[in-house]
Structures are given as structure tokens and as C-alpha cells.
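This report concerns only the one structure given below.
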Amino acid sequence: MTADFPFGPVTPAEGQAIMRAVRADRPMTKVSFAYGGDAWVVHRHDACRRLLEDRRFVRKPFADGRPVPYPFEFPEFLTKTLQFMDPPDHTRLRRLVTKAFTMRRVERLRPSTQALADRLVDAMVADGARTADLVGSYALPLPIQVIGDLLGVPSEGRANFVQWSHALLSTSGMEMDEVVGHTTALYGYLAELMAARRAEPRDDLLSALAAARDADDRLTDAEIVEIAMLLVLGGFDNTANFMEQGVLALLLNPDQRAVLAEDVDGRITRAVEELLRHAGMVIDQPVTGAAGLVPFVADEDVELADVLIRRGEAVMVDVSTANHDEQAFDTPDRFDVRRPRNQHLTFSHGLHRCLGASLAQMELQVGIGTLFKRLPGLALAGDPVYLEGVLTGGMTEFPVTW
């Protein structure tokens, strides 16, 4: 779940431009994207952090209709959400959401998440089964139920989460009227649920958002519904993707899998952070540049890492190269589940750091840890199949055996 989605494969030309800059040890390079024009792509970890902390970089121009520079057309719905707001609107909404979405609320979900993970594994091995599709049987059901429980969405309302999410994050292959229909359906469903929670509050996040106050200020129903939509979209898809990629990375790196297996409970926290550092990358393959976090626009001339970014120019964080910067990480290309210092930027940083980072981390710790404790013989049973035409990507099939 995120307020700053980490995305993106790039075209060969875009990737080559990025890697020329990386190999030349330049902190950033300007790339002409397939949609939205040019953008500076920042590679160095320190420069990325400073960019994410600098309020002179804004996103309102994209919310106002400027095309987002990206390898594919950016879903319009996302440009109207919290991640495209700037202070003071962003500050107000984030402060109120944070009052409801606390670490304590997340940690209260850990025991039920563990129980759910165990039930899903029990179902996988029932009747002596030795194979399963990890996407449909584990990686998707776990975060869908967790975010549904957190928000207070009844079980029957979760059946359409995947369909709604893929429609709203579609980048190709779906007609606009279909996208609009799914968007309207999700908004209408959450609006009805929000009205019910206003009338009869429960111990869930929707009720907590409705009750969140700051002096005389509170969230409107429309704001809560929009935030809930963003949480639904980011609350299971990215977590499922990280879980799939993390499990695959461990299966393909038996030495690190063995290190984790020696003490799963003691090492899973660091292991998850290392898997997140490599998120979207094929571990032990050369690092390649990618379109990263949602871009910004310079609100005035700004010098960043000795490069002048002029007012009106777009700039984005390339998470993949920043997370493998030798100036920020010792032996950055090494996959090390015991890595002690791991300030990766997968969940962004500063003002736009992912609202649900702690929830995703908890789910990944429980989900991946449980799999390797319960199924020590876990192995690939075929090649994963990847989803196309949806912004967050991910797998549609992940055949495993044990």
C-alpha cells in the first residue's frame, strides 16, 4: 500500500539513456519518455533523498492536467489522489489520515495476519497436495483480506478488489467506458459503506477516518472515499507483488534462503527490507535504470547534485539505481538478507513516504516467513507468468511445489 507508487519498466531507448548516465557516474540524466515528454531521472541515493525533501518540487501541475512523463499513459484517476497533492492540502489530509492509520492499529493486525497465513498454507497442503499457484492461493488472498479487515470492508465487498484495481490502474487493453464503469462502481460501493460507518461506527479504519479530527477540521465523506480507493488500490496489489518477487528471489538464491532458514523469526525483518531494496529487480542480474516514483515539477530553478533543474522541468526518482548506489550501500549488488543498514527508497521518503509502509512490511514479514517455515521444501514448479497492461504489474501465475 502506498501513497507514492514505485513503478516502471521503460522502453529500450529510455533504459539505454538512463544506463549511459549511470555508467558515466552522472547523478541524473534527462530522458524523453513515450508519454508526457522529458524528465530528469535521478540516480544517486543522496540526491533522491534531497529531491524528496525539497518542497520546491511539486506535483500540482499533473493534478491540473499536465501529462505525466512516463513509459506509458498514466491512469488519470491517480492524478486526483493524495499522492499528487502539495502542501497545504497534502499536509492537512495526511495529518488527518495518520491520526487514524497508526502503527498500533497495524500491529494489532499481526496475530490475525499470522492466523490467516497459516490457514492459507493449510488449504494449500490439504489432501496431500504438493503443488499450487502461489498468486491465487496465497500472495493475493492474504493482503486482500488484511486490507479488507483494516478498512472494514465486508467479505462480499472484497470479491471485486482485483477487478477494480486492474481497471483503475490499466495502462492498455481496456476501453475507457469499462474503466469508468469500474471506477464508478468502486466509488459508489465505498461511499455507501462510508455512510454506514458514519451512522454506526465500528473498530475499523473507515470509522477511524470518519472520526479523525484536528481542531475544527475533519475529513469529508468525499475525501475519505477517495483515500479509501487509494488504499484499496495500493493496499493489496503492491504487497502481493513484493511477496511474489521476494519468494522468487529466495528460491533463486539458495545461499540466502539457507541463511534465512537458520533463524526465520530472527532474520525475517532484515530479509524483507533487503527484498524491498531489490523490488522489481532480478537479483544477481545487472542493475538497470527504470521509471521510478511519481515525477515532480520544479516550481523554480533548483540546483540538485550540481545539475540545474529549471522551473517547469519534470524530475523523478529512479528507485532501482538509487537502491544500488555504492555511496549509500556496502556491496550494493549483493543480495544479503542480513544487511544491517538498509535505507532503501522503495517506499519513497519524506512528505510522500508510503502511508502503508508499516502495514506492507508486517504482511511481508508474516507472509514470507510463514511460507519458508511451513514449507521448507518450497521450489519452483514452472515459470511465473506476468501481468501486462496494468501499472503495478505483478504475476498472474506462480507455480510452486514442496
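The values are calculated or read from the model by the stated rules, or taken from the named source; none is laboratory data. As the structure is a prediction and not an experimental result, all values here were calculated from the model. Note that we place each Cβ from the backbone using ideal geometry, even for glycine, and neighbour counts take in every protein chain shown. Only protein heavy atoms, including side chains, enter the accessible area calculation; ligands, DNA and RNA are left aside. Shrake-Rupley method; radii C 1.70, N 1.55, O 1.52, S 1.80 Å.
Since ALA115 meets every condition but one in (1) part of a helix (DSSP H, G or I); (2) touching a residue at least 12 places away in the same chain (Cβ under 8 Å), which condition does it not meet?
Every listed condition holds for ALA115 apart from (2).
Counting just the residues of the range 341-351 that are touching a helix residue (DSSP H, G or I) at 6+ places or on another chain (Cβ under 7 Å) and under 15 Å from ASN323 (Cα atoms), which one comes out surrounded by the fewest Cβ atoms within 10 Å (Cβ to Cβ)?
Once the filter is applied, the top-ranked residue is ASN342.
Would you mention how many residues in the range 80-112 are open to solvent by less than 60 Å² (accessible area, probe 1.4 Å), part of a helix (DSSP H, G or I) and of a type in the set (Val, Ile, Thr)?
3
Would you point out the residue of the range 309-327, among those that are assigned to a loop (DSSP other than H, G, I, E, B) and in contact with a Leu (Cβ under 9 Å, 6 or more places away or on another chain), that is nearest to TYR70 (Cα to Cα)?
Step one: list which residues in the range 309-327 are assigned to a loop (DSSP other than H, G, I, E, B), which gives 310-313, 318, 323-327.
When the remaining residues are screened for being in contact with a Leu (Cβ under 9 Å, 6 or more places away or on another chain), the result is 318, 323.
On the way: ASP318: 12, ASN323: 20 Å.
Filtering the range 309-327 for residues that are assigned to a loop (DSSP other than H, G, I, E, B) and in contact with a Leu (Cβ under 9 Å, 6 or more places away or on another chain), the one nearest to TYR70 (Cα to Cα) comes out as ASP318.
From the set of residues in the range 352-402 that are open to solvent by 40 Å² or more (accessible area, probe 1.4 Å) and assigned to a helix (DSSP H, G or I), which is farthest from VAL58 (Cα to Cα)?
Across the range 352-402, the extreme among qualifying residues is ARG374.
Out of the range 225-265, which residues are charged (D, E, K, R) and at pLDDT 90 or above? Walk me through it before giving the result.
Filtering the range 225-265 for residues charged (D, E, K, R) gives 226, 237, 244, 255, 257, 262-263, 265.
Within the range 225-265, GLU244, ASP255, ARG257, GLU262, ASP263, ASP265 meet the criteria.
If we keep just the residues of the range 29-53 that are over 23 Å from the mean Cα position of the chain (by Cα) and of a type outside the set (S, T, N, Q), which is surrounded by the fewest Cβ atoms within 10 Å (Cβ to Cβ)?
Looking only at the range 29-53, we keep the residues that are over 23 Å from the mean Cα position of the chain (by Cα), and these are 29-32, 37-38.
Now drop any that are not of a type outside the set (S, T, N, Q), which leaves 30-31, 37-38.
Values: LYS30: 15, VAL31: 26, GLY37: 14, ASP38: 12.
Among them, the one singled out is ASP38.
Of all residues in the range 67-79, which are open to solvent by 10 Å² or more (accessible area, probe 1.4 Å), in contact (Cβ under 8 Å) with a residue 60 or more places away in the chain and not in a loop (DSSP other than H, G, I, E, B)?
Result: PHE77, single match.
Looking at the range 337-351, which of its residues are in a helix (DSSP H, G or I) and touching a Cys at 6+ places or on another chain (Cβ under 8 Å)?
Going through the range 337-351, the residues in a helix (DSSP H, G or I) turn out to be 350-351.
Passing the criteria: none in range.
Suppose the filter is surrounded by fewer than 19 Cβ atoms within 10 Å (Cβ to Cβ), more than 16 Å from the chain's Cα centre (by Cα) and modelled with pLDDT under 95; does ALA305 pass it? Outline the logic, then answer.
Values: surrounded by fewer than 19 Cβ atoms within 10 Å (Cβ to Cβ): yes; more than 16 Å from the chain's Cα centre (by Cα): yes; modelled with pLDDT under 95: yes.
Here the answer is yes, as ALA305 does meet what is asked.
Does GLU274 meet the test of being charged (D, E, K, R), closer than 22 Å to GLY394 by Cα, in contact with a helix residue (DSSP H, G or I) (Cβ under 9 Å, 6 or more places away or on another chain) and modelled with pLDDT of 95 or more? Spell out the reasoning first.
On the way: charged (D, E, K, R): yes; closer than 22 Å to GLY394 by Cα: yes; in contact with a helix residue (DSSP H, G or I) (Cβ under 9 Å, 6 or more places away or on another chain): yes; modelled with pLDDT of 95 or more: yes.
Answer is yes for this residue.
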